[in-house]
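Let me begin by presenting the structure, written as structure tokens, before commenting on it.
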Amino acid sequence: MFPMFLALMSFTAPAPMANTVADRVDLVEINHYHDDQGRKVFDQLIFYDWSNQRKRFQVRAWRLIKSDRQLPRRDHRTNDYRIRWHDEGVLREVVASSQRETWTQYDPELIERAYLPQDQRLELSSASPSVLPSGND
């Protein structure tokens with residue numbers, strides 16, 4: 001009976017990564033931005049790639065955190081951090097080698113625009129499903 005149940009489940013269960021847009025980054029930052037009175041303004045994920053040329057992390061993209069389901073989870077099998085959420089109509093998964101969490105009274109992504117303007121950023125992959133690319137230069 002149990003083997004029959006497993007066989008049936010293999011036909012009905014969706015493939016977990018079938019239509020997922022996937023990216024790999026070097027660092028994901030969970031940033032909690034607060035105003036001068038200490039009130040929360042917003043929480044965001046900031047995705048970074050290491051630039052060998054500039055010897056620093058460069059912002060690749062950012063997303064507002066709308067749900068705890070968007071928080072990175074440690075994958076102990078690979079020692080990476082994984083974030084999977086619905087983003088602009090697609091299921092997106094970002095794998096990061098490292099994670100940090102910050103509480104600031106400024107927006108780090110906004111400050112980073114002085115180092116790498118938004119129009120020069122690599123950004124996350126477009127809506128078509130892909131393999132995990134590396135963003136290193």
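The values are calculated or read from the model by the stated rules, or taken from the named source; none is laboratory data. All values derive from a computational prediction rather than experimental measurement. Counting neighbours? That spans all protein chains shown, and the Cβs are built from the backbone with ideal geometry, glycine included.
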Completion exercise
Residue hits (segment 22-39; more than 22 Å from residue 68 (Cβ to Cβ), more than 12 Å from the chain's Cα centre (by Cα) and either free of Cβ contacts under 8 Å to residues at least 40 places away in the same chain or surrounded by 10 or more Cβ atoms within 10 Å (Cβ to Cβ) (or both)) are 37
Fill in the blank from the handout: Contact list, first residue from segment 114-130 and over 12 Å from residue 23 (Cβ atoms) and assigned to a loop (DSSP other than H, G, I, E, B), second anywhere and of a type in the set (Gly, Ala, Ser) and at pLDDT 90 or above, beta-carbon distance below 8 Å, six or more apart or interchain, is 121/61
Practice task
For segment 71-82, name all the residues that are more than 9 Å from residue 28 (Cβ to Cβ) and in a strand (DSSP E or B).
Solution key: 73, 74, 75, 80, 82
Practice task
Run down 85, 62 and say which single residue is within 22 Å of residue 125 (Cα to Cα), within 11 Å of the chain's Cα centre (by Cα), at pLDDT below 95 and in a strand (DSSP E or B).
Solution key: 85
